Amino acid sequence: MSAPQKGSPASAALALRQGRLVILPTETVYGLAADAGNPRAVASVYAAKGRPAFNPLIAHVADIDAARRIAVFGPDAEILAAAFWPGPLTLVLPVQPGGAVCDLDRAGLDTVAVRVPAHPLARAVLEAFGGPVAAPSANRSGRPSPTTFDAALEETGPAAAVALDGGPCEVGLESTVVALLDTPRLLRPGRVTRDQVEALVGPLAEAEADARRSPGRLTRHYAPEAPVRLDARDLRSGEVYLAFGPAPDDAGVLNLSPSGDLVEAAANLFAFLREADARRPAGIAIAPIPHEGLGEAINDRLRRAAGAVG
Ligand code: TXA
Ligand code: MG
């Protein structure tokens, strides 16, 4: 991997369409952006960040009409969007059925985090691209979010095809995240303050204690109906087998990645779990996945699918 090309909004939109990654300035922090509808591109964002688990990613869109195509807006969402968009507020809402944001972006949740950023370069890219853009902060996992172009390049630049220099970020702190699912809840404080939000929609409940580490606890992760058997080295009668690496070409086998590529496996994971489950098998057996790089996140998600994690 080499240094990314310093680009324009048009070249950034093209890169996104090709499934490549873009360093994207926003008013809060720099993001590492990908087409939110392309699971392979989203998987490479997780890989570049070195995230140990699939935390769901924010889908960025150009305006509220685009937001309504991916998320279901209730009255509170309409009020907060009208008051703070474009700007540093993210809303977690029920996912719009048939919307463009892929399962992997949402970490398999039936909710989606949406934001309309205010930065002119981010807006230009979103308008040129047309669809939702996943953009977690451009830092590697466990490090602070980059608020300058140089810091963003240093963190995840090598993973990006194009990088846009938007100067230092005005806010410098990630967006405020408010979930509007059951009762309005503050998941992450930010520039848009609790008081500002409460003035419009009433009291905000606290995030559950470990919500930021395990957002899956806030709402249901996709879990198959069929029992899931992990680290399976053989296929038993009535099971669908999710293979990884070379495997027999059998009707009961869905191969997450014949070549043993973790990025490809992550991109296929949620779709294959759904497909396996749709066949109503006696069980879903899953091959051992190496516990390295993106494998850690895949295994974390698989343990949840198997019901081994709360
Ligand atoms: O300011 C920002 O929001 C930046 C810029 C680039 O837009 N992005 C950012 O993304 O901070 P990220 O991925 O680093 O943080 C997203 C936060 C995480 O805490 C994640 O758990 C939460 O949003 N989140 C995303 N989708 C969620 C969902 N469906 N349910 C609950 N929390 C969600
Ligand atoms: Mg972050």
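No value in this document is a laboratory result; all are computed from the given coordinates. What you are looking at is a predicted structure, and each value in this text was computed from that prediction instead of being measured. Don't worry about glycine lacking a Cβ; one is built from the backbone with ideal geometry, like all the others, and counts go over all protein chains shown.
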Within the chain, the percent of DSSP beta bridges that are antiparallel, given to the nearest 5, stands at 45 percent
Which residues qualify? For R188, with a placed amide H closer than 5 Å and at least 5 residues away or on another chain, they are V177
Connecting every pair of Cα atoms under 10 Å apart in the chain and solving the GNM, the largest mean-square fluctuation among T90, T26, T193 falls on T193
A correct Karplus calculation of ³J(HN,Hα) over segment 134-140, with 6.51 cos²θ - 1.76 cosθ + 1.60, θ = phi - 60°, whole Hz and x for Gly and Pro, returns 7, 8, x, 3, 7, 6, 6
Summing -39500 (n - 2.57) over every DSSP H run of at least 4 in the chain, dividing by its residue total and rounding to the nearest 500, the 222 nm mean residue ellipticity is -8500 deg cm²/dmol
So the FRET efficiency between D63 and A223, C-beta based with R0 = 35 Å and rounded to 0.05, is 0.55
Highest GNM mean-square fluctuation among G260, G238, G167, for the chain with Cα springs under 10 Å, belongs to G238
Relative contact order of the chain (C-alpha contacts under 8 Å, at least 6 apart) in percent is 23 percent
With Cα springs under 10 Å, the Gaussian network model of the chain assigns the largest mean-square fluctuation among S141, S237, S257 to S237
Once V253 and R274 are pulled to full extension, the length gained, defined as 0.36 nm per residue separation minus their Cα-Cα distance, is 6.2 nm
Debye calc, one equal point scatterer per Cα of the chain, no solvent, log10 I(q)/I(0) at q = 0.14, 0.16 1/Å comes to -1.03, -1.28
